[in-house]
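Right, one structure below, let's go through it.
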Amino acid sequence: MKNSCIFVPRILLPQPHIDMTAWSVIACDQHTSDRAYWNALDAFVGDKPSTLRLTLPEIYLEDADCPARIARIAEEMRAYRARGIFRTLPPGFILVQRKTPFSPVRTGIVLAVDLEAYSFERQSAALIRATEATILERIPPRLKIREAADLEFPHILLLYEDMQDAVVAAARAHRGETLYDFELNMGGGHIRGDFIPDVQPVLDAFEGLVRDGLLFMVGDGNHSLATAKAAWERRKADLSEEERAAHPARFALCEAVNIYDRGIRFEAIHRLVKGVDPDDFVRGLRPFGTAEGGLCVHGRRIPLGVAEEAPAAVAAVDAYINDYMLQKGGSVDFVHGEEAVRAYTEVHPDSAGILLPAMEKSALFGLVKRGGSLPRKTFSMGESEEKRYYVEGKEIHA
């Protein structure tokens, strides 16, 4: 591939006898205000091998036992390897088909990308670019996990523009055996993965999609990919040029999805402010524009005007929230689904929510090319249950 940023990985999967429904769990940055979800998932998994034991749900980041949880992740990886939990595939990609209660199918390609071709700088000319602002403070806890770990299990979704769907057509024409086909837990739908041993036609199709020096934008998992980049920058400093060229930490496993895929829908990410007097929080608010937004206070939805374009609406709302918290305290969470925001404010009287509009997915590449990364959490690709589940892994230590 001339403009190469794609690497052909040797993907790790559990052995065929492993219960895949228990193995595969949702991305760690979901349900961050719903401890009941994670308690139920923990009970469901029990003692079975699971990526729940190999990742850190972000709901636990502020808990006193967080350092112990991080230490246990590396220990569990070593224990799983010693027990022979994993099998290593030959070099190749995986064609993934994901069905959810919200979408008939989403089709993606699991592959690896070269972190040397990725940048999370706001203005970048890299082949792989961030779609949203990267919060550097979110990297250190993830970096602790990655630097101690031998393996990675990604929830990163990369987006590419392919009006003719040439990449998926090439993948379907060259797919081989079905590697997994199972129901996901906790309402996540169904997933199937087919191995692609002959990757050259897929690489050729990707080559034809490079425009203005850009191939991929990060749709989900921006901070996970930024962490992988930070870890690689640290590690490569001690390596020779020859070692750098092939070191496994240089390449990050991701799923690439066509932005025009019918399973890709952009949803709003709402703001949930906690630890505040909601009436005081609302008192200082003024309409941000004429588009339809909303407030959630004490379980009630109240109309609130916001800016027409989603990035501008997000920027204005976040500025108000940040200024308020700076003066009076509180914290903010990012929540998918209006009902989740409303329900939380009904149960927690010290909270308030701001409901934001969804962004048109067709506008994404143009917006980022013109103005750089969008404000953080400007959009979500689908509902929480549609987020990527951890299935595949890859070596990251030599």
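The values are calculated or read from the model by the stated rules, or taken from the named source; none is laboratory data. Keep in mind it's a predicted model, so treat the numbers as computed, not measured. Glycine gets a Cβ as well: all are built from the backbone with ideal geometry, and neighbour counts include every protein chain shown. With ligands, DNA and RNA removed, areas are computed over all heavy atoms of the protein, side chains included. Shrake-Rupley method; radii C 1.70, N 1.55, O 1.52, S 1.80 Å.
What is the extension gain from residue 169 to residue 302, computed as 0.36 nm multiplied by their sequence separation minus the C-alpha to C-alpha distance, in nm to one decimal?
43.2 nm
At 7 Å along the Cα-to-beta-carbon direction for both residue 125 and residue 360, put a label point, then send me their distance in nm to one decimal.
So the label points at residue 125 and residue 360 sit 3.0 nm apart.
Placing one identical point scatterer on every Cα of region 90-241 and ignoring solvent, what is log10 I(q)/I(0) from the Debye formula at q = 0.12 Å⁻¹?
Each listed q maps to, in turn, -0.61.
Using DSSP to define loop residues, name the GluC sites (Glu not before Pro) in region 1-99 whose beta-carbon has at most 13 other beta-carbon atoms within 10 Å.
Sites meeting the loop and neighbour criteria: 62.
Taking a point 7 angstrom from the Cα of residue 88 along the C-beta vector, which residues in region 222-243 have backbone N less than 20 Å away?
Those under the cut-off are 243.
Starting from the Kirkwood radius over alpha-carbon pairs of region 324-398, derive D by Stokes-Einstein at 10 °C in a medium of 1.306 mPa s and give it in µm² s⁻¹. Walk me through the numbers on the way to the answer.
On the way: Rh = 16.0 Å.
Answer, rounded: 99 µm²/s.
Using only the Cα atoms of the chain, what are the Rg and Dmax in Å?
Reported Rg and Dmax, both Å: 21.0, 61.
Give, to the nearest whole percent, the P(r) tail of region 1-145 beyond 20 angstrom, counting all Cα pairs.
Above the 20 Å cut-off, region 1-145 has 63 percent of its Cα pairs.
Could you do me a favour and compute the accessible area per residue for region 181-308, 1.4 Å probe, result in Å²?
For region 181-308, the per-residue accessible area is 41 Å².
Extension gain residue 147-residue 240, at 0.36 nm per residue separation less the Cα-Cα distance, in nm?
Stretched out fully, the residue 147 to residue 240 stretch lengthens by 31.6 nm.
Could you give me the percent of Cα pairs per 5 Å distance bin for region 1-84, shortest bin first, beginning at zero and ending with the bin that holds the maximum distance?
Binned Cα distances yield the sequence 3, 12, 20, 22, 16, 11, 8, 5, 2, 1.
In this model, which of 236/387; 144/387; 99/236; 99/377 are farther than 29 Å apart at the alpha-carbon? Provide the component values of the computation, followed by the final result.
Details: 236/387 31 Å; 144/387 24 Å; 99/236 39 Å; 99/377 24 Å.
Beyond 29 Å between Cα atoms: 236/387; 99/236.
If R₀ is 30 angstrom, what is the calculated FRET efficiency for the pair residue 279 and residue 62, using the beta carbon separation as r and rounding to 0.05?
0.70
With all protein chains present, calculate the accessible area of residue 266 using a 1.4 Å probe and round the result to the nearest 10 Å².
20 Å²
Output the Kirkwood hydrodynamic radius of region 254-398, Cα pairs only, in Å rounded to one decimal.
Every distinct Cα pair counted, the radius reaches 16.5 Å.
When the convex hull of the Cα atoms of region 106-168 is projected onto a plane and the area is averaged over all directions, what value comes out in nm²? Display every interim value, and only then the final one.
Details: hull surface 23.5 nm².
With every direction weighted equally, the projected area is 5.9 nm².
Using the heavy atoms of the protein chains and a 1.4 angstrom probe, tell me the accessible area per residue for region 337-393 in square angstrom.
34 Å²
Between residue 290 and residue 81, what length comes free when the chain is fully extended (0.36 nm per residue of separation minus the Cα-Cα distance, one decimal in nm)?
69.6 nm
What per residue convex hull volume, in Å³, comes out for region 66-179 when only alpha-carbon positions are used? Before the final figure, lay out the partial values.
On the way: hull volume 21.4 nm³, N = 114.
Value for region 66-179: 188 Å³ per residue.
Suppose we keep just the alpha-carbon trace of region 158-279; what are its Rg and Dmax in angstrom?
19.0, 61
Which residue, chosen from 107, 61, 120, occupies the Cα position most advanced towards the positive end of the dipole of the chain, where the dipole is computed from +1 (Lys, Arg) and -1 (Asp, Glu) charges on Cβ about the Cα centre?
Checked the options; the winner is 120.
Ignoring everything except DSSP H segments at least 4 long, calculate the 222 nm mean residue ellipticity for the chain; use -39,500 (n - 2.57) per segment, divide by total residues, nearest 500.
About -9000 deg cm²/dmol.
From the P(r) of region 220-280, could you give the percentage of C-alpha pairs in the tail past 15 Å?
Values: 1276 of 1830 pairs.
Across region 220-280, Cα pairs with separations above 15 Å total 70 percent.
Report Rg (one decimal) and Dmax (nearest whole number) for region 300-352, counting Cα atoms only, units Å.
Every Cα atom of region 300-352 included, Rg and Dmax give 12.2, 31 Å.
If you take the charge dipole of region 181-273 about its Cα centre, with +1 on Lys and Arg Cβ and -1 on Asp and Glu Cβ, which of 228, 263, 200 is farthest toward its positive end?
228
Using a 1.4 Å probe on the protein heavy atoms, what percent of the accessible area of region 295-398 belongs to carbon and sulfur? Let's see the in-between values first.
Values: 2250 of 4170 Å².
Solvent-exposed carbon and sulfur of region 295-398 make up 54 percent of the total.
Assigning unit charges at the beta carbon (Lys, Arg +1; Asp, Glu -1) and nothing else, what dipole magnitude in debye, to the nearest 20, does the chain show about its Cα centre?
Dipole size: approximately 260 debye.
Could you give the nm distance between label points at residue 17 and residue 137, where each point is 7 Å from its Cα heading toward the beta carbon?
Spacing of the two 7 Å Cα→Cβ label points: 4.8 nm.
Can you tell me the 0 to 90 degree angle between the C-alpha axis of helix 139-148 and the longest principal axis of the chain, rounded to 10?
So the inclination is approximately 30 degrees.
Any chance you could check the Cα centroid distance between region 226-305 and region 123-158 for me, in angstrom?
For region 226-305 versus region 123-158, the Cα centre distance is 12 Å.
If you split all Cα-Cα distances of region 169-218 into 10 Å bins from zero, what percentages do you get per bin, shortest first?
22, 31, 33, 13, 0
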